[in-house]
Amino acid sequence: MDYHDLLARLGEGSAHPGGFSATLQLLDSLSLPAGAHILEVGCGTGRTACHLAHLGYRVTAIDLHRHMLDKAVRRARKERVDVRFIQADAAALPLPDHQVDVVFIESVTIFTPWRKTIAEYARVLKPGGLLVDREMVLSGRKTELMSRRLRQFYGIRTLATAGAWKKRLRGCGFSRVQVKEHSRTMGKWGVDHDPLREMDMNWLEDKRMQRMSRTNDRLLLKYGKRLGYAVFTARAPVGSGSE
Ligand SMILES: C[S@@+](CC[C@H](N)C(=O)[O-])C[C@H]1O[C@@H](n2cnc3c(N)ncnc32)[C@H](O)[C@@H]1O
């Protein structure tokens, strides 16, 4: 069992810094164009994807984890919204080039091979389309041991400062790269009440799960002060192979 299995079993609806209230605030501030086609990458149990569908957007949502997606599909059914869910890897998106107006991501890119993944975001976005990505960032000193532990436990493949992420996005052809929100601490995470949360109750007694919960607490205590988060917005390349 890995960290994402744990999140899936817990049915966490907003497993990103700031939780669902931060998502709502961000969406308010973005004023996305009405009816836009939004791809949510790494949708987890689908809370944000369903909310976007409620707002009238056309939503495609992908995640690598089958159990997350099953919960997302059931959530959409209960909420009576239409979301196209696909099990897929962020680094190999199952969409044709230049399909979507917005790629929306909440705490996912850090778990992926970022070069491939950001190139995929650029590929599926229409020229000039909007990328919105909320990610954990490095706000203090990084050591080899810290990177190894966070990689082993959470599966985090890249820990970088907000400045380094901006460079990465520019390097992949994105323009107007902005840091919309930046916190040098992780703050409160996932505190919102999710009325449709589906927790696998039988797993609460599972010894591995309890051990993982304790490891999570220990790692956050030890390294939490060196981690923050940022929300990046950027515009997809224009005129690079678009039809
Ligand atoms: C921290 S959770 C965030 C989930 C959701 N965005 C949210 O905020 O609640 C990370 C999510 O990314 C998914 N994920 C991790 N690596 C992925 C990849 N390579 N491709 C697609 N999804 C991935 C996990 O399955 C998990 O649902």
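Readers should treat all values here as calculations from the given coordinates under stated rules, not as data from a laboratory. What you are looking at is a predicted structure, and each value in this text was computed from that prediction instead of being measured. As a convention, Cβ positions derive from the backbone with ideal geometry for all residues, glycine included, and neighbour counts pool all protein chains shown.
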Check your understanding: Among helices (runs of 4 or more DSSP H) lying entirely in the stretch 109-220, which contain 1 or more residues that are buried (at least 17 other Cβ atoms within 10 Å of the Cβ) and more than 21 Å from the chain's Cα centre (by Cα)?
Key -> 144-154
Check your understanding: For ASP2, which of the numbered conditions (1) touching a residue at least 40 places away in the same chain (Cβ under 8 Å); (2) surrounded by fewer than 22 Cβ atoms within 10 Å (Cβ to Cβ); (3) under 22 Å from ARG84 (Cβ atoms) fails to hold?
Key -> (3)
Check your understanding: What are the residue pairs meeting all of these: first residue in the stretch 10-23, first residue closer than 10 Å to GLU106 by Cα, second residue of a type in the set (A, V, I, L, M) and within 9 Å of the ligand (Cβ to nearest atom), Cβ atoms under 6 Å, and 6 or more apart or on different chains?
Key -> ALA15/LEU7
**Study point:** Candidates ARG80, ARG84, ARG74 - the one that is free of Cβ contacts under 8 Å to residues at least 24 places away in the same chain and either away from the ligand (no atom under 14 Å from the Cβ) or aromatic (Phe, Trp, Tyr) (or both)
**Key:** ARG80
Check your understanding: Going by the structure shown, is THR143 within 13 Å of the ligand (Cβ to nearest atom) and among the β-branched types (Val, Ile, Thr)?
Key -> no
Review point. How about the stretch 42-60: which of its residues are farther than 12 Å from PHE104 by Cβ, away from the ligand (no atom under 12 Å from the Cβ) and among the polar types (S, T, N, Q)?
Key: none
Check your understanding: Among all residue pairs at least 6 apart or on different chains, which show Cβ distances below 7 Å where the first residue, located in the stretch 92-112, is under 14 Å from GLY42 (Cβ atoms) and the second is assigned to a loop (DSSP other than H, G, I, E, B) and polar (S, T, N, Q)?
Key -> ILE110/THR158
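Every residue, every condition in (1) out of contact with any helix residue (DSSP H, G or I) (no Cβ under 7 Å at 6 or more places or on another chain); (2) touching a residue at least 40 places away in the same chain (Cβ under 8 Å), yes or no:
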{"site": "VAL124", "(1), (2)": "yes, yes"}
{"site": "GLY163", "(1), (2)": "yes, no"}
{"site": "GLY173", "(1), (2)": "no, yes"}
{"site": "GLN178", "(1), (2)": "yes, yes"}
{"site": "HIS182", "(1), (2)": "no, yes"}
{"site": "ASP192", "(1), (2)": "no, yes"}
Practice item. Mind listing just one residue for me: the one in the stretch 5-41 that is among the small types (Gly, Ala, Ser) and more than 12 Å from the ligand (Cβ to nearest atom) and, of those, surrounded by the most Cβ atoms within 10 Å (Cβ to Cβ)? Key: ALA36
